[in-house]
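Here's the structure, in structure tokens; my notes come after.
Just so it is clear, none of the values below were taken in a lab; they were calculated from the coordinates. The structure displayed is predicted, hence computed values, not measured ones. Cβ atoms come from the backbone with ideal geometry, glycine included; neighbour counts cover every protein chain shown.
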């Protein structure tokens with residue numbers, strides 16, 4: 001794929017659907033999830049996105065709380081370049097909402113990696129299992 005947006009729409013959305021996630025149902029999946037990283041910003045930030053990060057996908061638990069981050073990269077690159085970004089998103093969501101965000105995925109559409117607080121990183125096809 002030429003870019004991340006195409007990888008998401010043509011590969012990752014389909015893989016999430018195969019795993020039982022409905023990407024168009026905002027009670028299950030939120031795309032471009034807004035993560036506030038600085039709650040002490042003045043009302044007039046320098047740019048509209050100052051103090052924010054945007055996770056490609058956040059998978060939600062049945063009670064609507066964030067369950068997992070999915071960081072997407074274009075299919076032509078190594079999925080591992082999204083690892084630290086995904087972990088940072090998990091940390092900042094936990095900080096924003098409290099509690100734990102137990103699961104972290106990063107993918108280029110072909111390779112899916114899973115990282116969790118109590119498990120080592122591994123390659124998987126496991127979006128449905130949780």
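Ordered by the count of other Cβ atoms within 10 Å of each Cβ, fewest first, 91, 113 give 91, 113. A Förster distance of 25 Å, applied to the separation of the beta-carbon atoms of residue 63 and residue 9, puts the FRET efficiency at 0.35.
Sorted fewest first by neighbouring Cβ atoms within 10 angstrom, 7, 24, 65 come out as 24, 65, 7. Could you work out how far apart the two model spin labels at residue 54 and residue 87 are, taking each label as a point 7 Å from the Cα in the direction of the beta carbon, and quote it in nm? According to this spin-label approximation, the distance is 2.5 nm. Neighbour counting of Cβ atoms within 10 Å sorts the residues 71, 32, 100, fewest neighbours leading, into 32, 100, 71. For residue 95 paired with residue 37, estimate the spin-label separation in nm (one decimal), with each label point 7 Å from Cα along the Cα-to-Cβ line. Label-label distance for residue 95 and residue 37, simple model: 0.8 nm.
When the Kirkwood hydrodynamic radius is evaluated over all pairs of different C-alpha atoms of segment 63-105, what value in angstrom, to one decimal, is obtained? After inverting the mean inverse Cα-Cα distance, the result is 10.9 Å. Label-to-label distance for residue 27 and residue 111 is 3.7 nm, based on points extended 7 Å past Cα in the beta-carbon direction.
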